[in-house]
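Input: a single structure, listed below in structure tokens.
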Amino acid sequence: MPATPRFRQGAGRLCLDFVRTLRHRGSPDVLEELPDAEALLAWVRQCGPCADATGHPDAPDARALREAVHTLITDARAGRTPDAHARDRVNSAAAHTVPVPHLTSTGQLTQHADDPVRATLSLVARDALDLLTSPSLARLRNCAGPTCGALFLDTSRPGNRRWCSMGTCGNRAKKETLRGRTV
């Protein structure tokens, strides 16, 4: 039986899933999901292409990249000039080598990197740069959950998705609405 995923995914972009590792951003219930190197390795194994990642990564540096990505997204959505410090941090992370795909003799695709954490964070930074300069930025939404704070890419045809996930925030909102009707 597979283990339950530790981190939320499904925001529509790797960089947004990474930004989600600070849950309930801006609320009193804020939760840091990358407090240490072990947690960062777990995120890379679950969400990145290098499922066998090992090493001793720098969690504070990764959190700084996450906040830089969030800052650049916030600036872009507000029509502001990108923050220079955040821009430099993301550009620097994007410059690192990314994982290299390899087809095994059994036909399985694997990814390899000498430094899998740094390589995965390079993918995060590159994805953020792509998002910031693409038409998809206009489809970026904040979850309507009052304490969620998650960003997600709305790929629905009408462009009116409200929740980061129907399984969590959407379901919670529906329950609250029903509870309000029965009182």
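Things worth noting here:
- Apolar share of the accessible surface for the chain: 53 percent from carbon plus sulfur atoms, 1.4 Å probe.
- Rg/Rg_globular for the stretch 1-69, with Rg_globular taken as 2.2 N^0.38 Å and Rg from C-alpha atoms: 1.09
- Cα-based Kirkwood hydrodynamic radius, the stretch 1-149, one decimal, Å: 16.1 Å
- Degrees separating the helix 84-94 axis from the principal Cα axis of the chain, which is the longest one: 50 degrees
- 15 Å beta-carbon shell around Pro49, net charge (K/R +1, D/E -1): -1
- When each of the peptides 65-76, 81-92 is scored by the mean number of other C-beta atoms lying within 10 Å of its residues, the order from highest to lowest reads 65-76, 81-92.
- Rounded to the nearest 500, the 222 nm mean residue ellipticity of the chain from helices alone is -13500 deg cm²/dmol, with -39,500 (n - 2.57) taken per DSSP H run of at least 4 residues.
- Å² per residue, accessible surface of the chain at 1.4 Å: 57 Å²
- Ordering of 155-161, 31-37, 102-108 by packing [mean C-beta count within 10 Å, highest first]: 31-37, 155-161, 102-108
The values are calculated or read from the model by the stated rules, or taken from the named source; none is laboratory data. Owing to the predicted nature of the structure, the values given are computational and were not obtained by experimental measurement. In this analysis, Cβ positions are derived from the backbone assuming ideal geometry, glycine residues included, and neighbour counts consider all displayed protein chains. Calculation scope for accessible area: heavy atoms of the full protein, side chains included, ligands and nucleic acids excluded. Shrake-Rupley method; radii C 1.70, N 1.55, O 1.52, S 1.80 Å.
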